[in-house]
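Step one of this worksheet: look at the structure below.
Bear in mind that the values in this text are calculations on the coordinates, not laboratory data. Just so you know, these numbers come straight off a predicted model, no measurement behind them. Here the Cβ positions follow ideal geometry from the backbone for every residue, glycine too, while neighbour counts run over all protein chains shown.
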Amino acid sequence: MSTSISRSQQFCLLGTGWITGFCMCFLYIRHTTKDCPPQIVHPCSVPAKPLSVSNDTLPDKPIMLVWVWPETDDYKFDPVKCKERYNIDGCHLTDNRDLYSQADAVLFYHKGIKKDLSNLPQTPRPPFQKWIWFNLESPTNTRPKSGLENLFNLTLTYRRDSDISVRYYLNVSKIPKEFEIPEKDKLVCWFVSNTNPGTGTGTRMKFYEELRTYVNVNVFGKMAGKRLTDEEYYPTMASCKFYLSFENSIHRDYMTEKFNGPLSIGTVPIVLGPPRDNYEQFAPHNSFIHVADFPSASALAQHLLVLDKDDAAYRRYFEWRKYVTATPHYAVWNEEFILPICRACDYVSRHNEYKETHDLFKWYSS
């Protein structure tokens, strides 16, 4: 026995099926994306990038989205600084997440990523979009987070083999020029606040404790209870003949503003970090003193005391300044991240080749 269904009943059943299917699809997507890290989408599986940005006020440049500003909003800066300081104006720098689907690159600061990755975008990454892993800490002070190993396209770190390397480069000139060494009234100085052994500071603290028994070290910073203002930072450093450029942990290429600061201001850095040949990949061999050049802290102290009385020998540490110049890294405490973010902006404007990053933390700790 057959049963006939009227046309109105057919439309009703069809509409009910569509609604049920839509609801099931919505619940599936919500369930599968709520607690999962973003998916890597194959370029052929989704539509191409829109040809234009919906906001007509945006310039015709690549968009780089800063997903979370490093540390706190105190480090946030006006994108115009990239143009003013480094003549970088190749991308539209923004933190407007409404532009996520149109952004050519998204910058993620490692320390700002939650351990469960819940504050990352919860939708698949468009195939045209680059995700940049941004981290300036050493491997000792970088906590791996499960799920990030194969998530990024580009790396932005202090290492030379990063896709985007943040270095305070020295500039070479063909025309020699005289460099006037600032007047000095202190022999050895050190600006230090971090003494937490959990961050790898044990090596430098041990060497300092031994060195200070042979030569006076003027210590500034939290450790000494003598915090310097931004205005005092460079003048105080310039008044010292030698500066302890001791990194908190020792890794290849890990040379921070502790090294660049004295080079730029006219003070001789005494470095404790990677081997001398690694430093010489970034600065002239006669621009610094390496603690490994001496068998002991006592021998280093004796060398410093000799140089204190031999002006000609001391001046030889600045002969490189005839042809090479060093630029101060930053003058205000919350300007630390301007250069790396601007460098990322410049990279995005110049590169559109496809890349992937694999085994992120294995590479970083190597």
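Residues whose amide H falls under 5 Å from that of residue 189, counting only those 5 or more places apart or on a different chain, are 218, 242, 243, 244, with hydrogens built in the peptide plane.
Computed from point charges on the beta carbon alone (+1 for Lys and Arg, -1 for Asp and Glu), the dipole magnitude for the stretch 171-328 about its Cα centre is near 80 Debye.
How would 290, 303 line up from fewest to most surrounding beta-carbon atoms within 10 angstrom? The partial results should precede the final answer.
Details: 290 21, 303 17.
In order of increasing Cβ crowding within 10 Å: 303, 290.
Distance between the modelled labels on residue 140 and residue 292, one decimal in nanometres: 1.5 nm (7 Å Cα→Cβ projection). Coupling constants for the stretch 232-248 follow from the phi torsions by the Karplus curve (6.51 cos²θ - 1.76 cosθ + 1.60, θ = phi - 60°), and in residue order they are 8, 4, 6, x, 5, 4, 5, 7, 9, 5, 9, 10, 7, 8, 9, 6, 6 Hz; glycine and proline get x.
Only Cα pairs under 8 Å and 6+ residues apart enter the sum, and on that basis the relative contact order of the stretch 57-163 stands at 25 percent.
Each residue in 363, 190 was given a count of other beta-carbon atoms within 10 angstrom of its own, and listing them fewest first yields 363, 190. Residues whose amide H lies under 5 Å from that of residue 272, counting only those 5 or more places away or on a different chain, are 245, 246, 247; hydrogens are built 1.01 Å from N in the peptide plane. Going 7 Å from the Cα of residue 276 along its beta-carbon direction, which residues of the stretch 180-222 have the amide nitrogen within less than 20 Å of the resulting point? Output list for this probe position: 204, 207-208, 211.
Summarising the label geometry, the points placed 7 Å from Cα in the beta-carbon direction at residue 285 and residue 334 lie 4.5 nm from one another. Backbone geometry of the stretch 63-79 corresponds, through the Karplus equation with coefficients 6.51, -1.76 and 1.60 at θ = phi - 60°, to 3J(HN,Hα) couplings of 9, 10, 9, 7, 5, 9, 5, x, 6, 9, 5, 5, 8, 5, 9, 6, x Hz, x marking Gly and Pro.
The residue list 202, 262, 228 was ranked by how far each Cα lies along the charge dipole of the stretch 199-285 toward its positive end, using unit charges on Cβ atoms, and 202 comes out on top. Relative protection proxy for 195-208, 347-360, from highest mean packing down: 195-208, 347-360 (other beta-carbon atoms within 10 angstrom). The phi torsions of the stretch 108-123, fed into the Karplus equation with coefficients 6.51, -1.76 and 1.60 and a -60° offset, translate into couplings of 10, 7, 4, 5, x, 8, 5, 4, 8, 6, 5, 9, 8, x, 9, 10 Hz, rounded to whole numbers, with Gly and Pro shown as x. Spacing of the modelled spin labels on residue 150 and residue 175, each 7 Å from Cα toward Cβ, amounts to 5.5 nm. For the stretch 171-328, the relative contact order works out to 29 percent when only alpha carbon pairs closer than 8 Å and six or more residues apart are counted.
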